[in-house]
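Trainee: Handing you a structure now.
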Amino acid sequence: MNRRQWIALSATALLALASGPLLAQDHEKDHGREEHKKFDDHDRDAMRDWYHNHREHPPRGFRDQDRLPPELERQLAVGFVLTPEFRRRIVSCPEDLCRRLPPPPRGYRYVVIGGHVCLVDRDWRVADVVHFELEFR
């Protein structure tokens with residue numbers, strides 16, 4: 001084996017050894033998010049910033065006319081399974097807000113209902129909810 005081949009082989013081996021821990025870190029991050037089914041402080045800060053930037057002209061789902069009546073408002077909580085009445089009120093989470101949040105865990109999605117951002121699973125169960133008018137006004 002000549003010197004050039006030896007250097008190439010050594011560099012390849014070094015890259016392979018160094019990339020292992022990096023791949024493990026990425027996997028741990030993804031795995032951590034898979035288990036992350038609650039909004040954390042970073043998520044709430046991102047939502048608060050977004051909300052303050054859109055307060056003057058809120059998008060659909062966050063307007064006064066989109067708010068839930070008090071009897072529905074009381075029901076929207078962690079563990080609640082969204083009824084057809086709630087499902088009719090769902091609005092897609094604004095793209096610029098979703099970009100500020102980490103990807104939802106597999107089988108979950110972000111939705112907006114009556115001015116609230118919810119993390120909902122495929123069975124319509126609310127995993128977490130942020131009540132914008134209570135938390136950010």
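Trainee: Checking A77 against (1) surrounded by 15 or more Cβ atoms within 10 Å (Cβ to Cβ); (2) assigned to a loop (DSSP other than H, G, I, E, B); (3) among the aliphatic types (A, V, I, L, M), which single condition isn't satisfied?
Mentor: It fails just one condition, (1).
Trainee: Can you give me the number of residues within segment 94-122 that are within 16 Å of K37 (Cβ to Cβ) and in a loop (DSSP other than H, G, I, E, B)? Give the steps one after another, and end with the answer.
Mentor: Of the residues in segment 94-122, the ones within 16 Å of K37 (Cβ to Cβ) are 101-111, 117-122.
Next cut, in a loop (DSSP other than H, G, I, E, B) only: 101-107, 122.
Total satisfying the criteria: 8.
Trainee: To continue, here is another question. Inspect segment 87-108 for any residue being in contact with a His (Cβ under 8 Å, 6 or more places away or on another chain) and touching a residue at least 60 places away in the same chain (Cβ under 8 Å) and give the result as yes or no.
Mentor: The answer is yes; a qualifying residue exists.
Trainee: Among the numbered criteria (1) at pLDDT 90 or above; (2) surrounded by 10 or more Cβ atoms within 10 Å (Cβ to Cβ); (3) charged (D, E, K, R), which one does D41 miss?
Mentor: With respect to (1) at pLDDT 90 or above; (2) surrounded by 10 or more Cβ atoms within 10 Å (Cβ to Cβ); (3) charged (D, E, K, R), D41 is out only on (2).
Trainee: Specify which of the listed residues (L68, L72) is within 13 Å of G114 (Cβ to Cβ), at pLDDT 90 or above, not in a helix (DSSP H, G or I) and not basic (K, R).
Mentor: Working: L72 fails: not in a helix (DSSP H, G or I).
L68 is the lone residue from the list that is within 13 Å of G114 (Cβ to Cβ), at pLDDT 90 or above, not in a helix (DSSP H, G or I) and not basic (K, R).
The values are calculated or read from the model by the stated rules, or taken from the named source; none is laboratory data. Quick caveat: nothing in here was measured; it's all calculated off a predicted structure. No Cβ is skipped: glycine too gets one built from the backbone with ideal geometry, and neighbour counts run over all protein chains shown.
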